[in-house]
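Working notes, beginning with the structure itself.
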Amino acid sequence: DPANGFRTLIVSGEGRAFCSGANLSEGPAEGAADIPASIGMRLDELYHPLLRKLRDLPLPVITAINGPCVGIGMSIALMGDLVLAARSAYFSQAFARIGLVPDGGSTWLLPRLIGLARARELSLLAEKLPAEKALEWGLINRVFDDATLMDEALKLAETLAQGPTVALTAMRRLYWESPSNTYEQQLEVERKYQQLAGGTQDFVEGVSAFLQKRPPSFKGK
């Protein structure tokens, strides 16, 4: 929350993976009747609230993919406004390998990011998508050497943290709302958020800095 002094968020993994997917060490017992309900409950109670929280945060989000990014971990990764990856990282819609379907909103996100044909390919074949290919496809924003990934993520986070937080948050919301709006509706939504941004101290500072030919000093207000 910007009110607590935070103006950007970096999400990354601990260890060698960003997320290796669900824990399969305790597989379902054959014929267990409660497995479907427990899977749905886990999504409802754990993952969906997290994904909605990331979507609705009032600040920019960077995801730094430091290694394998599998299953619902891929959905979490794609919630970043900027998605960065280590050169050795890869992405995998591995659900088909264990007889499940994609979740975590991936069937909504992927067609919008890389098109329907590639989204289907990733899900149906469950193949690994290397970071460089993900960049080529437009799935992610940047690829860095493994050793420099977090340093580069911190640099970009600093840039965003020094930006006009209200306007950046409004940009996030504009792009999240855009897919469900008509052109006319989006024009109206832009008007609403532009009016909001125009009432901030940062707008006044931005114009002043432009006229005075100096870098702006945004406060996120």
Seminar exercise, completed: Going through segment 95-127 in order, the residues found to be under 24 Å from residue 82 (Cβ atoms) and of a type in the set (D, E, K, R) are 103, 112, 118
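Conditions (1) closer than 20 Å to residue 10 by Cα; (2) among the charged types (D, E, K, R); (3) more than 14 Å from the chain's Cα centre (by Cα), marked per residue:
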residue: 67; (1), (2), (3): yes, no, yes
residue: 70; (1), (2), (3): yes, no, yes
residue: 79; (1), (2), (3): yes, no, no
residue: 88; (1), (2), (3): yes, no, yes
residue: 96; (1), (2), (3): no, no, yes
residue: 100; (1), (2), (3): no, no, yes
residue: 109; (1), (2), (3): yes, no, no
residue: 117; (1), (2), (3): no, no, yes
residue: 127; (1), (2), (3): no, yes, yes
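I'd like the full set of residues that are open to solvent by 60 Å² or more (accessible area, probe 1.4 Å) and either free of Cβ contacts under 8 Å to residues at least 24 places away in the same chain or more than 26 Å from residue 177 (Cβ to Cβ) (or both), limited to segment 50-73. Can you show your working first?
Narrowing segment 50-73 to residues open to solvent by 60 Å² or more (accessible area, probe 1.4 Å): 50, 52-53, 55-56.
Within segment 50-73, 52, 53, 56 meet the criteria.
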For this session: Of the conditions (1) open to solvent by 80 Å² or more (accessible area, probe 1.4 Å); (2) modelled with pLDDT under 95, residue 99 clears all except one; give me its number.
Result: (1)
Exercise. In this structure, is residue 195 surrounded by 12 or more Cβ atoms within 10 Å (Cβ to Cβ) and over 27 Å from residue 110 (Cβ atoms)?
Worked result: no
For this session: Answer with yes or no whether residue 206 is surrounded by 14 or more Cβ atoms within 10 Å (Cβ to Cβ), in contact with an Asp or Glu (Cβ under 8 Å, 6 or more places away or on another chain) and of a type outside the set (Lys, Arg).
Result: no
Exercise. Restricted to segment 140-157, and to residues that are part of a helix (DSSP H, G or I) and in contact (Cβ under 8 Å) with a residue 60 or more places away in the chain, which residue is most open to solvent (accessible area, probe 1.4 Å)?
Worked result: 154
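Conditions (1) among the polar types (S, T, N, Q); (2) surrounded by 14 or more Cβ atoms within 10 Å (Cβ to Cβ); (3) in contact (Cβ under 8 Å) with a residue 24 or more places away in the chain; (4) farther than 30 Å from residue 103 by Cβ, marked per residue:
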position: 129; (1), (2), (3), (4): no, yes, yes, no
position: 162; (1), (2), (3), (4): yes, yes, yes, yes
position: 167; (1), (2), (3), (4): no, yes, yes, yes
position: 176; (1), (2), (3), (4): no, no, yes, no
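The values are calculated or read from the model by the stated rules, or taken from the named source; none is laboratory data. Because the structure is a prediction, the values reported are computed rather than measured. Here the Cβ is made from the backbone with ideal geometry for all residues, glycine too, and neighbour counts use every protein chain on show. All accessible areas refer to the heavy atoms of the entire protein, side chains included, with ligands and DNA or RNA removed. Shrake-Rupley method; radii C 1.70, N 1.55, O 1.52, S 1.80 Å.
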